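Q: I have a structure here, written as structure tokens, and I will follow up with some questions on it.
The values are calculated or read from the model by the stated rules, or taken from the named source; none is laboratory data. What you are looking at is a predicted structure, and each value in this text was computed from that prediction instead of being measured. No Cβ is skipped: glycine too gets one built from the backbone with ideal geometry, and neighbour counts run over all protein chains shown. When the accessible area is computed, the model is the full protein with side chains, heavy atoms only, and any ligands, DNA or RNA have been set aside. Shrake-Rupley method; radii C 1.70, N 1.55, O 1.52, S 1.80 Å.
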Amino acid sequence: MADNVKLIIDTDPGIDDAMAIFYAAAAPEIELLGLTSIFGNVTVETATRNALRLLEAAGVDAPVAAGEKTPLVLPPFEPSSHVHGDEGFGDIPAATPKGRAIDETAADFLCRMAREHKGELVVCPIGPLTNIAKAIQQDPEFTKNVARIVLMGGSYREGGNITPHAEANIYHDPHAAEVVFASDARVEMIGLDVTHRILCSAEDFTAIAEAAPKLGGMLQDMSHFYLKFYLSVGKLGGCSLHDPAAVIACSHPELFTGEDVTLGVTCEGEASGATVDVSDGRSSTCVYMAVDAAKVKALFLTRLATLN
Ligand code: BDR
Ligand code: CA
């Protein structure tokens, strides 16, 4: 286990994003330095509002910086409301946060924090990678300053979830993902190869809500919509803990087994968004392919149970 992980989560909340952020709030070894928002499951405006709302609910005093509205190259996508609901939290009505985003873009905030915490900052993107690509493009030192980029996205051998080839976060900005994988940053990928192995059922959410009525109850309320989507696509064992798995990998990499792959992204055609071995001499990405799913899930459940 890594101690005192200085973490920024780049997020499009999003039901499993909410789970990941509450997990980070509950984990004593994680110091949450802030959130950056991105389009994806919802628009960036809704993502920013939801990020503020989640931090306030969890009692975490950390800044939120608003990110990009659209992909680097592709035209904008419709939000994934069939998966996460119109406002990102399933059937839970939108609530207005008290605070507001800081006066700095997500990319500026990421570059500044990486400079200020050189060699220590871990960035955990759990949405499309546009903000991270912008940070790489605007500050040549960013990839050296940041300790690790541990992202939820992609699929190496598992096949896609939004198309047969692509995972949703990479599909929504393949050009940005290509910038990240082609960079010389230390990049670790938590893709569908592992997240499809970590499932959470309706009974698990009931247990979380019983142990932690306020925040666990909020997650349980959101989970109804998410579980319904999973059922509709034939996944009977529960929903995948996509985004929480990436946050857990930031502090518990020992629960995952990786392969070093010179990873790139297909940016055009039917396979757009596929993550593939490009074998072109670039720095390799650590692609996690196996996971101790029982331990990851146990950590998730026990940590969330401590939330008030
Ligand atoms: C990813 O896509 C989004 O719907 C989830 O929040 C997660 O980040 C899973 O493919
Ligand atoms: Ca997400």
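Q: Scanning for something among the small types (G, A, S), within 16 Å of ligand 2 (Cβ to nearest atom) and at pLDDT 95 or above, does the stretch 196-218 turn up at least one residue?
A: no
Q: Checking the structure you have, find out if any residue of the stretch 9-31 is within 16 Å of ligand 2 (Cβ to nearest atom), in contact with a Leu (Cβ under 9 Å, 6 or more places away or on another chain) and among the polar types (S, T, N, Q).
A: Taking every residue of the stretch 9-31 in turn, at least one turns out to be within 16 Å of ligand 2 (Cβ to nearest atom), in contact with a Leu (Cβ under 9 Å, 6 or more places away or on another chain) and among the polar types (S, T, N, Q).
Q: Let me ask another. Starting from the stretch 118-132, keep only residues that are open to solvent by less than 10 Å² (accessible area, probe 1.4 Å), then list their pairs with residues that are of a type in the set (V, I, T) and part of a loop (DSSP other than H, G, I, E, B) whose Cβ atoms are within a distance under 7 Å, requiring at least 6 positions of separation or different chains.
A: L121/V146; V123/V146; G127/I38; P128/I38; T130/I38; N131/I38
Q: Consider only pairs whose beta carbons are under 6 Å apart and that are at least six residues apart or on different chains; among these, list those whose first residue lies in the stretch 5-22 and is without any contact (Cβ under 8 Å) to a residue 60 or more places away in the chain and within 18 Å of L299 (Cα to Cα) and whose second residue is assigned to a strand (DSSP E or B) and near ligand 2 (Cβ under 10 Å from one of its atoms).
A: Filtered contacts from the stretch 5-22: no entries.
Q: Here's another thing I want to ask about it. Return the residues of the stretch 154-182 that are within 21 Å of C111 (Cβ to Cβ) and part of a loop (DSSP other than H, G, I, E, B); say none if nothing qualifies.
A: Within the stretch 154-182, just D173 meets the criteria.
Q: Please determine, by comparing only the residues of the stretch 21-55 that are in a helix (DSSP H, G or I) and of a type in the set (D, E, K, R), which one is least open to solvent (accessible area, probe 1.4 Å).
A: R49
Q: Moving to a separate point now. If you scan the stretch 220-262, which residues turn out to be open to solvent by 30 Å² or more (accessible area, probe 1.4 Å), within 13 Å of ligand 1 (Cβ to nearest atom) and assigned to a loop (DSSP other than H, G, I, E, B)?
A: V233, K235, listed by residue number.
Q: Here's something else I'd like to know. Evaluate the following for H175: is it under 19 Å from A271 (Cβ atoms), more than 16 Å from ligand 1 (Cβ to nearest atom) and either surrounded by fewer than 20 Cβ atoms within 10 Å (Cβ to Cβ) or aromatic (F, W, Y) (or both)?
A: Taking the combined requirement at face value, the residue satisfies it.
Q: OK, next. Got at least one residue in the stretch 272-288 being outside any helix (DSSP H, G or I), crowded, with 16+ Cβ neighbours inside 10 Å and touching a His at 6+ places or on another chain (Cβ under 6 Å)?
A: Yes: the stretch 272-288 contains one or more residues that are outside any helix (DSSP H, G or I), crowded, with 16+ Cβ neighbours inside 10 Å and touching a His at 6+ places or on another chain (Cβ under 6 Å).
Q: Looking at the stretch 143-153 only, could you name the residues that are closer than 20 Å to T262 by Cα and either away from ligand 1 (no atom under 16 Å from the Cβ) or surrounded by fewer than 20 Cβ atoms within 10 Å (Cβ to Cβ) (or both)?
A: Matches in the stretch 143-153: T143, K144, V146, A147, R148.
Q: Continuing with this model, one more query. Quick check: is even one residue across the stretch 95-102 part of a loop (DSSP other than H, G, I, E, B), under 17 Å from C250 (Cα atoms) and of a type outside the set (K, R)?
A: no
Q: For the stretch 183-210: of the residues being in a helix (DSSP H, G or I) and touching a Ser or Thr at 6+ places or on another chain (Cβ under 8 Å), which is surrounded by the most Cβ atoms within 10 Å (Cβ to Cβ)?
A: Ranking the qualifying residues of the stretch 183-210, first place goes to T195.
Q: Taking the residues in the stretch 56-98 that are open to solvent by less than 30 Å² (accessible area, probe 1.4 Å) and in contact with a strand residue (DSSP E or B) (Cβ under 8 Å, 6 or more places away or on another chain) as candidates, determine which candidate is nearest to F229 (Cα to Cα).
A: G67
Q: Search the stretch 1-20 for residues being away from ligand 1 (no atom under 11 Å from the Cβ) and not in a strand (DSSP E or B), and hand back the single one that is nearest to R112 (Cα to Cα).
A: Ranking the qualifying residues of the stretch 1-20, first place goes to N4.
Q: Of the residues that sit in the stretch 154-170 and are open to solvent by less than 30 Å² (accessible area, probe 1.4 Å) and within 16 Å of E259 (Cβ to Cβ), which one is farthest from the chain's Cα centre (by Cα)?
A: S155
Q: What are the pairs, 6+ residues apart or on separate chains, where a residue within the stretch 194-213 that is touching a residue at least 12 places away in the same chain (Cβ under 8 Å) and farther than 17 Å from I15 by Cβ has its Cβ under 6 Å from a residue that is outside any helix (DSSP H, G or I) and aromatic (F, W, Y)?
A: V194/Y288
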